[in-house]
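The values are calculated or read from the model by the stated rules, or taken from the named source; none is laboratory data. Everything numeric here is computed off the predicted structure, so don't read it as measured data. Reconstructed Cβ throughout: ideal geometry from the backbone, glycine too, with neighbour counts over all protein chains shown. We work out accessible area using only protein heavy atoms, side chains counted, and drop any ligands, DNA or RNA first. Shrake-Rupley method; radii C 1.70, N 1.55, O 1.52, S 1.80 Å.
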Amino acid sequence: MKSIIYYRDDSKDAHELERSIRPYLTGKGVDVVSISSRDEPSSLDAGTREDAFILSIGGDGTFLRAARLGTEAGVPILGINLGSLGFLTDVEENEVYASLDAVLAGAYQLEHRLVLQARVVREGQQLLETNAINDVLVVRDLAGKILTVEVFIDGVRAGQIVADGIILATPTGSTGYSLSVGGPILDPTVQALVLTGLAPHDFTSRPLVTSADSEIALRVKPSREKAAFVRDGERVGDIHGSDTVIVRRSRQDLAIIRLREKNFYKVLGTKFHWGS
């Protein structure tokens, strides 16, 4: 078995836990590779085997970065929570070694979450392609003017949004940025996407829930202003006037290692104090 330990480079606690976990796993015959957020590769080694798993040490942000690597390689991920919220991570620090033993014994289930594949196209040429676990976002620069974005769903023009930006979220991401701008909370098992405008200049603009199998194209109307293309909270490119962001469901889902039954609504109530 092979384990890829992904940890936050700027976290002393993550460093110390990685140094402790590595000999524990190697002592059980596991081939261990450590990757810090500083030297994060664009993809995992092609030699990664089917019996591998990723161990994410940090908070939800660390988990998202590790999850993108795991999704692209088809490797499941177990999250150890060192953050404050821990909505995605499953294991607390005092449960680490018992949890590792359970994984090595195969005593776990896999929970699958849908992932977005997003492409930025300019004048017929693809500029970049990336996967996103939570969301993709087209947003104006801080000093820039508001954006006008045409929305196409499965090739049909659904309308346009005049706003500071537009966010397209997965059910996993519905409890993140999308929620903070008024989007609905989706059960992670729901096969849907959420499209929400950021500070829209039209009072009739409301969040839209679409099928997870829809292809959504966001075409920025011509402008001298640049905008940012953001994936899972990280800016990964610039958007120019007339650029199109094409988003659809990735062929590869995210596989999360679950060691015990995790009820979404209990987590919602505990982490967000929902309805209290």
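Some notes on this structure:
- Number of positions in the range 115-133 that are out of contact with any helix residue (DSSP H, G or I) (no Cβ under 7 Å at 6 or more places or on another chain) and within 23 Å of residue 61 (Cβ to Cβ): 8
- Subset of the range 111-126 (residues that are farther than 20 Å from residue 192 by Cα and either over 23 Å from the mean Cα position of the chain (by Cα) or at pLDDT below 95 (or both)): 122, 123, 124, 125
- Among the residues making up the range 185-221, those that are more than 21 Å from residue 118 (Cβ to Cβ) and either touching a residue at least 60 places away in the same chain (Cβ under 8 Å) or surrounded by fewer than 17 Cβ atoms within 10 Å (Cβ to Cβ) (or both) are 185, 187, 189, 199, 201, 202, 203, 204, 206.
- Flag for residue 174 being small (Gly, Ala, Ser), out of contact with any His (no Cβ under 7 Å at 6 or more places or on another chain), open to solvent by less than 50 Å² (accessible area, probe 1.4 Å) and within 21 Å of residue 112 (Cα to Cα): yes
- Of the strands (runs of 3 or more DSSP E) lying entirely inside the range 226-276, those containing at least 3 residues that are buried (at least 18 other Cβ atoms within 10 Å of the Cβ) span 227-231, 244-249, 254-258.
- Subset of the range 74-105 that is of a type in the set (Gly, Ala, Ser) and open to solvent by 50 Å² or more (accessible area, probe 1.4 Å) - its residue that is nearest to residue 230 (Cα to Cα): 84
- Answer from 65, 22 - the residue that is among the basic types (Lys, Arg), at pLDDT 90 or above and surrounded by fewer than 18 Cβ atoms within 10 Å (Cβ to Cβ): 22
- Conditions (1) open to solvent by less than 70 Å² (accessible area, probe 1.4 Å); (2) assigned to a loop (DSSP other than H, G, I, E, B); (3) at pLDDT 90 or above; number of the one not met by residue 47: (3)
- Residue within the range 118-125 that is hydrophobic (A, V, I, L, M, F, W, C), more than 25 Å from residue 28 (Cα to Cα) and surrounded by 21 or more Cβ atoms within 10 Å (Cβ to Cβ) present: yes
- Summed over the range 187-205, residues that are within 17 Å of the chain's Cα centre (by Cα) and among the charged types (D, E, K, R) total 1.
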